[in-house]
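Engineer: Before I ask anything, here is the structure I am working with.
The values are calculated or read from the model by the stated rules, or taken from the named source; none is laboratory data. In this text the structure is predicted, and so the values were computed from the model without any measurement. Note that we place each Cβ from the backbone using ideal geometry, even for glycine, and neighbour counts take in every protein chain shown.
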Amino acid sequence: MSNIGAPNRPPEAGAFFQRDRDWHPPAFTPGYKTSVLRSPRRALLSLNSTISEITGPVFGHDMLGELDDDMIVNFAKPGESAIGPRIMVYGRVLDERGIGVPGVLIEVWQANAGGRYRHKKESYLAPLDPNFGGCGRTISGDDGSYCFRTIQPGPYPWPNGPNDWRPAHIHFSVFGHGFGQRLITQMYFEGDPMIWKCPIVKTINDPQAIEQLTAALDMQATLPMDMRAYKFDIVLRGRRSTMFENRREGN
Amino acid sequence: MAQKLDRLKESPSQTAGPYVHIGLTPNFADIGGVYPDDLGAAMVGDKTKGERITVKMRVIDGAGTPLKDALIEIWQADAAGLYNSPAERRGAADPHFTGWGRRATDMVSGECVFETIKPGRVPFNDGRPMAPHLTVWIVARGINIGLHTRMYFGDEEAANAEDPVLARIEHKVRVPTLIAQRSGDTYVFDIQLQGDDETVFFDI
């Protein structure tokens with residue numbers, strides 16, 4: 001079993017900080033039409049985390065294939081590669097206390113450079129790239145750091161308003177140590193004017209929260225004559241120390 | 001001025017969108033050759049201890065239509081009531097059971113099927129036993145932040161009656177929204193996103 005938490009310390013088992021529901025998008029957001037019939041209307045039942053949310057499965061680095069974190073080549077024919085601007089996306093997974101979180105499974109998916117997804121229900125005019133599948137995954141290192149290579153996805157139109165477009169984005173599924181930390185979000189690209197026009201982005205009320213999902217172009221980390229770098233840190237729910245938890249004797 | 005707490009904000013959620021399968025169940029989405037298997041597809045092996053059960057789930061929208069593009073993950077204890085997790089302090093769980101499953105709902109029927117084992121009971125924070133349950137997390141197009149709920153077992157009436165979490169539901173008429181009914185070895189669990197029978201969702 002991999003070493004979870006800071007080295008030489010036992011795994012953490014505290015309850016999670018409560019989610020800031022004003023920072024996250026609400027369920028019912030009529031500007032994003034699909035949410036209208038898919039949004040719970042009753043109040044959520046709020047509870048302190050139990051062992052069922054504090055715990056979670058472990059994903060070991062040994063489950064990863066050599067090319068899992070390289071979407072430029074992981075679907076491509078031998079010797080070929082996906083079409084589009086070559087980029088690396090890197091950053092750290094932290095929790096709300098600012099502590100790097102190791103062993104986090106990060107799964108990503110995206111459209112190709114033309115804005116087309118490889119999916120049977122997708123019908124956009126832009127062509128498929130025979131060398132691009134659109135999925136990748138990695139697991140964060142001891143300090144929470146992660147990195148993967150891909151091509152910059154294109155923007156694309158989608159049926160919502162008569163002329164709505166998604167900004168270029170990469171979907172992120174983030175699996176921390178506890179099932180209560182489970183998170184799916186999207187990464188946007190610094191300077192993209194489409195961000196502020198998108199009904200899905202606008203489900204988030206606070207502009208600072210939107211900026212938190214916008215990766216910064218990092219020319220220092222950029223590889224000369226190869227690929228640009230975008231930095232995207234991800235923050236998971238923090239957890240309280242068990243030292244001060246209510247607990248029964250011997251627990 | 002007091003010292004700053006220096007906390008970060010959790011990354012805000014965004015919808016999983018209609019193509020969540022590409023990232024999380026690529027083989028289900030006919031993107032073969034990248035990963036050998038879809039993660040969480042097989043929960044139970046020959047050596048797993050416990051009673052084999054089948055759980056059929058659907059997610060139903062406010063118009064009564066099952067979602068054909070949802071993704072459901074479950075997390076559960078082993079047959080002895082232990083989680084296979086580093087944060088489990090009470091003992092070692094069955095090494096042949098991860099406790100975690102992931103399924104996309106069928107693109108035609110909207111149903112997904114988990115082949116698993118019935119979990120044992122685990123303690124609530126005050127030490128009282130909770131009834132056996134699956135912890136359930138649902139994402140889909142149109143769902144802005146993943147929904148947490150639980151599935152309890154209809155043939156565990158006595159345990160359900162004393163479950164401290166079910167006891168927190170003020171309107172008792174809503175408790176059955178969390179209880180799957182058993183027929184043979186199969187439990188059926190419909191998750192209602194809206195309406196009179198809206199499932200109880202958790203902020204937990």
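Engineer: Kindly list the number of the only condition in (1) assigned to a loop (DSSP other than H, G, I, E, B); (2) closer than 17 Å to B:LEU67 by Cβ; (3) more than 8 Å from every other protein chain (Cβ to nearest Cβ) that fails for B:VAL136.
Structural biologist: (1)
Engineer: Being modelled with pLDDT of 95 or more and either part of a loop (DSSP other than H, G, I, E, B) or farther than 16 Å from B:ILE31 by Cβ (or both) is the requirement here; does A:GLY161 meet it? Talk me through it step by step, then tell me what you get.
Structural biologist: Values: modelled with pLDDT of 95 or more: yes; either part of a loop (DSSP other than H, G, I, E, B) or farther than 16 Å from B:ILE31 by Cβ (or both): yes.
Taking the combined requirement at face value, the residue satisfies it.
Engineer: Please determine, by comparing only the residues of segment B:1-49 that are buried (at least 16 other Cβ atoms within 10 Å of the Cβ) and acidic (Asp, Glu), which one is nearest to the other protein chains (Cβ to nearest Cβ).
Structural biologist: B:GLU10
Engineer: Now for a different question. Which ranges mark the strands (runs of 3 or more DSSP E) fully within segment B:1-106 that have 3 or more residues being at pLDDT 95 or above, at negative phi and of a type in the set (Lys, Arg)?
Structural biologist: Working: elements: B:52-60, B:70-75, B:100-104.
The strands (runs of 3 or more DSSP E) meeting that bar are B:52-60.
Engineer: Go through B:ALA16, B:ALA2, B:ALA29 for me and flag whichever is within 18 Å of the chain's Cα centre (by Cα) and among the hydrophobic types (A, V, I, L, M, F, W, C).
Structural biologist: On the way: B:ALA2 fails: within 18 Å of the chain's Cα centre (by Cα); B:ALA29 fails: within 18 Å of the chain's Cα centre (by Cα).
None of the other options fit; the residue is B:ALA16.
Engineer: Checking B:VAL188 against (1) touching a residue at least 40 places away in the same chain (Cβ under 8 Å); (2) surrounded by fewer than 17 Cβ atoms within 10 Å (Cβ to Cβ); (3) within 10 Å of chain A (Cβ to nearest Cβ); (4) in contact with a Lys or Arg (Cβ under 7 Å, 6 or more places away or on another chain), only one condition comes out false. Which one?
Structural biologist: (3)
Engineer: Looking at segment A:113-141, which of the residues that are in contact with an Asp or Glu (Cβ under 8 Å, 6 or more places away or on another chain) and outside any loop (DSSP other than H, G, I, E, B) is surrounded by the fewest Cβ atoms within 10 Å (Cβ to Cβ)?
Structural biologist: Among those that are in contact with an Asp or Glu (Cβ under 8 Å, 6 or more places away or on another chain) and outside any loop (DSSP other than H, G, I, E, B), it is A:THR138.
Engineer: Kindly list, by first and then second residue, each pair from a residue in segment B:144-159 that is touching a residue at least 40 places away in the same chain (Cβ under 8 Å) to a residue that is part of a strand (DSSP E or B) and among the acidic types (Asp, Glu), limited to pairs with Cβ atoms under 9 Å and residues at least 6 apart or on different chains.
Structural biologist: B:GLY146/B:GLU73; B:HIS148/B:ASP203
Engineer: I've got another one for you. Kindly evaluate B:ASN125 against the criterion of being within 28 Å of A:LEU236 (Cα to Cα), within 9 Å of another protein chain (Cβ to nearest Cβ), surrounded by 21 or more Cβ atoms within 10 Å (Cβ to Cβ) and of a type outside the set (Phe, Trp, Tyr). It would help to see each step written out before you state the result.
Structural biologist: Values: within 28 Å of A:LEU236 (Cα to Cα): yes; within 9 Å of another protein chain (Cβ to nearest Cβ): yes; surrounded by 21 or more Cβ atoms within 10 Å (Cβ to Cβ): no; of a type outside the set (Phe, Trp, Tyr): yes.
When the stated conditions are applied, B:ASN125 does not pass them.
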